[in-house]
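See structure below.
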Amino acid sequence: MASGTTATARAAQGAAAELGAAFEAAVAADERIEPRDWMPDAYRAGLVRQIAQHAHSEIIGMQPEANWIARAPSLRRKAILMAKVQDEAGHGLYLYGAAETLGTSRAELLDKLHEGRQKYSSIFNYPTLTWADVGAIGWLVDGAAITNQVPLCRCSYGPYARAMVRICKEESFHQRQGYELLLALSRGTEAQHAMAQDAVDRWWWPSLMMFGPPDAESPHSAQSMAWKIKRHSNDELRQRFVDICVPQAEALGLTLPDPDLRWNEQRGHYDHGAIDWAEFHEVLKGNGPCNEQRLAQRRQAHEEGAWVREAAAAYAAKQQRAAHREEREALAS
Ligand code: FAQ
């Protein structure tokens, strides 16, 4: 009996090792891992963590800009902004859909967000004080998002990578509209130029924080990169973003609020000043300028949307009953 048990345990161990080796080989060969493939529990959990945080960021990220829809300065600007905010809701849906393929429901993830048990991007805890902030968000926040997300199109997990392809196309439009908005303000009156500069001054540093803590303090990076969930480290992507933004700021006629920003011939990159990581950690702890307001508004929107979810569920059940009835009638005839 004892030897039978040992043999069974050995066989199970052998099968698990084979599955693990097949997974590692697929990752090494740059093949995509799909929902039905075996994957280590930590790979699944790591993906759910990142995708959920990403999805939550998209839907909470609707709030700062939605604040300006009713006050957009022209019909054209209003239509663009409405479309952008709706796109962000769509991005949230693609991402919750990707998380569902890992066995986690949207309802479960939303509960965690509402209870403060899952994070969303630090950037969305800052206020949008003027119309120029809409431009700064498009240029800098969407710009940082694209820099971070284009490599995610090659993420090893198929559904996340495919969602990112579509999201990046839309983010690219978002970034350009922000740039164009800031350009118009920068070339406008003196007051408009000052408003654009003030917005860039306030959004620059928080945008650099979007890339996450420095590599040496990033607990998830090493494993995520080994599994090809992330393709580049936080600092690499942050540097890429800084290098892209400096000439864009010059073209805009605006300055970046960093006296230490200068080209480093040896590195072939721009050096930048120290980031205030104490501020980042405070925002993550819930002490940013708008954390409370963002979560309260999100919870309220969820509660007010209960009737929509109920109506959609009732409609789906009705459709299903009708389909079953048709099936039964077809079988009987
Ligand atoms: N904010 O070990 P790492 C957008 C957390 S979408 C808050 O480096 P990782 C579109 C991190 O989760 C913006 N938390 O973690 C838009 C972890 O916490 P945990 C969102 C942050 O995952 C535009 C801990 O710190 N984009 O903007 C932040 O390897 C305009 C340790 O960090 C994505 O989510 C932060 N900034 O790297 C929408 C992209 N940074 O889980 C509306 C996908 C780090 O241990 C309007 N995500 N943390 O409790 C990623 O690429 C990665 O998850 C990183 C973080 C790079 C964000």
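Quick rundown of the values:
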| read-out | value |
| --- | --- |
| Selection from the stretch 64-97 of residues that are closer than 17 Å to Q175 by Cα and among the polar types (S, T, N, Q) | Q86 |
| Qualifying residues in the stretch 195-214 (those that are over 12 Å from D133 (Cα atoms) and outside any loop (DSSP other than H, G, I, E, B)) - the one farthest from the ligand (Cβ to nearest atom) | W205 |
| Selection count, the stretch 215-250, where residues are within 9 Å of the ligand (Cβ to nearest atom), within 22 Å of D276 (Cβ to Cβ) and part of a helix (DSSP H, G or I) | 5 |
| Exclusive hit being within 14 Å of the ligand (Cβ to nearest atom), under 26 Å from A99 (Cα atoms), surrounded by fewer than 22 Cβ atoms within 10 Å (Cβ to Cβ) and of a type outside the set (K, R), set V150, V165 | V150 |
| Test: residue in the stretch 231-253 that is within 16 Å of Q50 (Cα to Cα) and in contact (Cβ under 8 Å) with a residue 24 or more places away in the chain | yes |
| Selection from the stretch 255-276 of residues that are in a strand (DSSP E or B) and among the charged types (D, E, K, R) | R262, D271 |
| Residue under evaluation P64, criteria (1) more than 10 Å from the ligand (Cβ to nearest atom); (2) closer than 23 Å to Q177 by Cβ; (3) touching a Ser or Thr at 6+ places or on another chain (Cβ under 6 Å), criterion not met | (1) |
| Scan of the stretch 86-135 for residues that are within 12 Å of the ligand (Cβ to nearest atom), in contact with a His (Cβ under 7 Å, 6 or more places away or on another chain) and aliphatic (A, V, I, L, M), ordered by number | L95 |
| Single match in A191, A199, A249 (criterion: surrounded by fewer than 21 Cβ atoms within 10 Å (Cβ to Cβ), touching a Ser or Thr at 6+ places or on another chain (Cβ under 9 Å) and of a type in the set (A, V, I, L, M, F, W, C)) | A249 |
| Candidates M39, M82, filtered to the one that is crowded, with 20+ Cβ neighbours inside 10 Å, assigned by the TED database to the domain that holds F173 and not acidic (D, E) | M39 |
| Cross-chain or 6+ apart pairs with Cβ under 8 Å, the stretch 277-288 first and outside any helix (DSSP H, G or I), then within 11 Å of the ligand (Cβ to nearest atom) | G288/S122; G288/N125 |
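Yes/no per residue for (1) within 30 Å of E31 (Cβ to Cβ); (2) touching a Leu at 6+ places or on another chain (Cβ under 6 Å):
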| position | (1), (2) |
| --- | --- |
| R77 | no, no |
| D87 | no, no |
| A98 | yes, no |
| T101 | yes, no |
| G135 | no, yes |
| V141 | no, no |
| A144 | yes, no |
| C155 | yes, no |
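The values are calculated or read from the model by the stated rules, or taken from the named source; none is laboratory data. Every value quoted in this text rests on a predicted model; they were computed, and no experiment measured them. So basically every Cβ, Gly included, is an ideal-geometry build from the backbone, and we count neighbours across all protein chains shown.
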